[in-house]
Amino acid sequence: MIAQVYVNLMVKTLVLIILFSSVPLGVSLLTGLFVAVFQSVTQIQEQTLSFVPRFLGVSLSLLLFGPFIATELSGFMKLIFQLIGAIK
């Protein structure tokens, strides 16, 4: 019984990690792709050109999805604290 609780907790942890990291990572990948296409079309070969759009895109995605991440993380922490309180 207790092993099943730990397995479910680990699965929920891994799902939350993937969920929290997928949005900024996806935005960064798409921004990098668009900047790379723009650079190849215009033949601008500046290496530092992709950093600012990626930074802005990831910052914007964290700003937009921050409340969702905070809500999910606080719910997960409440679950952890309940499980700690249930230990005899």
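Couple of notes before you dig in:
- Evaluation of Pro67 against the conditions (1) in contact (Cβ under 8 Å) with a residue 12 or more places away in the chain; (2) under 17 Å from the mean Cα position of the chain (by Cα) shows that the sole unmet condition is (1).
- Filtered residues of the range 36-52 (kept if hydrophobic (A, V, I, L, M, F, W, C) and under 23 Å from Leu25 (Cα atoms)): Ala36, Val37, Phe38, Leu49, Phe51, Val52
- For the range 32-52, a residue qualifies if it is surrounded by 10 or more Cβ atoms within 10 Å (Cβ to Cβ), assigned to a helix (DSSP H, G or I) and over 18 Å from the mean Cα position of the chain (by Cα), and the qualifying residues are Leu33, Phe34, Val35, Ala36, Val37, Phe38, Gln39, Ser40, Leu49, Ser50, Phe51, Val52.
- Selection within the range 1-31 - at pLDDT below 90, loosely packed, with under 11 Cβ neighbours inside 10 Å, in a helix (DSSP H, G or I) and among the aliphatic types (A, V, I, L, M): Ile2, Ala3
- Tabulated pairs, the range 9-30, first within 22 Å of Leu56 (Cα to Cα), second of a type in the set (Lys, Arg) and surrounded by 10 or more Cβ atoms within 10 Å (Cβ to Cβ), C-beta under 6 angstrom, 6+ apart or interchain: Ser28/Arg54
The values are calculated or read from the model by the stated rules, or taken from the named source; none is laboratory data. Only a predicted model underlies this, so the values are computations on that prediction, with no experimental measurement involved. Glycine gets a Cβ as well: all are built from the backbone with ideal geometry, and neighbour counts include every protein chain shown.
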